Amino acid sequence: MLDTREHAASYYAATRNTDVTYPGFSGELRCDIAVVGGGFTGVSAALYLAERGYDVVLVEANRIGWGATGRNGGQLIDGFTNVENIRKRIGSAEADMVRAMGLECRDIVVDRIKQYSIDCDLKFGFLDVAARPAEMRDLEDYIEDSQRHHYPHEMRIVDQVDMRDYVETDQYIGGLVNMGNGHLHPLNLCLGEARAASDLGVKIFEQTKVTRVRHGAKPFIETESGKIFANKVLLAGNAYLRDTVPKLKRTVIPVGSYIIATEPLGDERARALLPPDMAYCEQCTALNYFRLSTDGRMLFGGLCNYSGRNPKSITASLLPKLLKIFPQLEGVRVDYEWGGYIGISVKRIPQFGRIEGNTYYVQGYSGHGIAPTHLGGKILADVVAGDTEQFDIFSKVFHFPMPGGKWFANPALALGMMYYRIKELL
Ligand SMILES: Cc1cc2nc3c(=O)[nH]c(=O)nc-3n(C[C@H](O)[C@H](O)[C@H](O)COP(=O)(O)OP(=O)(O)OC[C@H]3O[C@@H](n4cnc5c(N)ncnc54)[C@H](O)[C@@H]3O)c2cc1C
């Protein structure tokens, strides 16, 4: 998954709206703000800054949207986990602000799509599916809590009798519909946002890996063939940043996650399986998620690999899971398989911080990033402009390094996840 500097061979790469590429960088350059990483976080930050008139350079090691951004499940989900934890450890006002930011991040995506006329197949409708009574109770608690906090979008519980109107399987006993969330083509969204940023003057360089970041009062970044001097540096490399900034490496663990896309199923067959064309997500630890693409393929994801090792065959690992839910698809052809790395942090809440003065970062969205990355980018842009209110709340959360050090952090995480899985099964 890391051995190509072009896009992974995914359904998204095959159906991207544009083949536009940006040049590589060499030489020396000065700018207000240098952004490292061209995923949702980096592009969102660059776009916000360009809108405010900053002189921005964005440097991407591979292609815009090459990382988790261009490979994910496309499930647009609002909210942050662990809000109650923030209430306990930091304060009630802060927790309420994080809850509000959970709504704001989804709105940013929807607004960006409208504002810049980005064609990325956005559809509203999301169904959290429950396979066990305990999961159903969690969904009921969740809707109650959301209503108590005046959640602005339509939500409803679906009981077992009505589940077939939503998904043609006997695997689930109920679910929770949320019409504020939905699904989209993530790579086309990111490419559209990058185009908007470039139109506003952001200098984008692709296939330019940052090899070193010099922090301090006058920071600069070194690339494979040059140097970029900036007033501030924003780090948005997330799970792929690794050795570029050793200080950040141990607080985020790259965890593999994988997706298959079937052949187009045809309108009738596709709609028979998922009549309302929503995004679907299970509740358990080893969860599966699925949805239809615009051309009627089943996009089916799951199989988080905490060990740090990729499966020998993604299709051989995921197809049986798909067929267990939809035996009607026996014999279906799989046209695409791919995977990417999610940045997981112990507390499952994004890590915001500052290094030696003028370097800022955000990472570790923990598998739930399309919407939060957009807010992440905005928060970094706000900090540059002198507004640190949202940044200060997140940066109060202390993120300790993953236990286990260089060699054992992934196995330790795998063990932890196995513990939760066994607990569920019991
Ligand atoms: C398979 C999969 C499915 C997922 N499904 C969903 C989903 O359905 N819904 C959801 O909300 N979230 C999902 N996520 C999570 C979501 O995709 C991420 O949280 C989000 O895309 C992170 O964006 P990012 O910009 O922070 O990082 P990335 O998209 O990973 O971007 C980081 C970029 O930085 C670049 N970079 C790193 N180091 C350097 C360097 N030294 N020099 C230059 N560039 C560098 C990388 O090349 C990369 O392009 C999924 C993730 C995966 C992998």
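The numbers here are math on the coordinates, done by the rules we state, and not lab data. Since we're looking at a predicted model, the values are computed, not measured. Don't worry about glycine lacking a Cβ; one is built from the backbone with ideal geometry, like all the others, and counts go over all protein chains shown.
Determine the distance separating the Cα centre of the stretch 80-131 from the Cα centre of the stretch 231-295; give it in Å without decimals. Between the Cα centres of the stretch 80-131 and the stretch 231-295 lies a distance of 16 Å.
Scanning the chain for long hydrophobic helices, with DSSP H runs required to stretch 27 angstrom or more by C-alpha along their axis and to average at least -0.5 on the Kyte-Doolittle scale, returns 92-115, 405-425.
For the stretch 239-324, what number results from the quotient of the Cα radius of gyration and 2.2 N^0.38 Å?
That works out to 1.35 for the stretch 239-324.
Put a plus charge on the Cβ of each Lys and Arg, a minus charge on the Cβ of each Asp and Glu, and nothing anywhere else: the dipole of the chain about its Cα centre is then about 1680 debye. Each principal axis of the Cα atoms in the stretch 54-125 has its own extent, and those three values, largest first, are 41, 32, 27 angstrom.
To the nearest 20 debye, what charge dipole does the stretch 296-364 have about its Cα centre, counting +1 at the Cβ of each Lys and Arg and -1 at the Cβ of each Asp and Glu? Please list the in-between numbers first.
Working: 9 positive and 4 negative charges, 38 e Å.
Rounded to the nearest 20 debye, it is 180 debye.
Straightening the chain between Asp267 and Arg250 buys 1.5 nm, computed as 0.36 nm per residue apart minus the Cα-Cα spacing.
Rank the residues Glu6, Glu94 as a footprinting-exposure proxy: fewest other Cβ atoms within 10 Å of their Cβ go first. Please list the in-between numbers first.
Working: Glu6 12, Glu94 18.
Listed from fewest to most nearby Cβ atoms, that is Glu6, Glu94.
Working from the pairwise distances between different alpha carbons, so that the mean of 1/r is found and then inverted, what is the chain's Kirkwood radius in Å? Walk me through the intermediate numbers first.
Numbers: mean 1/r = 0.0456 Å⁻¹.
Evaluated on the chain, it is 21.9 Å.
What chymotrypsin sites (Phe, Trp or Tyr not before Pro) does the stretch 23-131 have in DSSP loop regions with at most 13 other beta carbons within 10 Å?
Numbers: sites: Phe25, Phe40, Tyr48, Tyr54, Trp66, Phe80, Tyr116, Phe124, Phe126; in loops: Phe25, Tyr54, Trp66, Phe80, Tyr116.
Hits after loop and neighbour filter: nothing returned.
Highest average first, the peptides 215-222, 201-208, 374-381 ordered by how many other beta carbon atoms sit within 10 Å of their residues are 374-381, 201-208, 215-222.
Computed over the stretch 150-198, the percent of Cα pairs more than 14 Å apart is 65.
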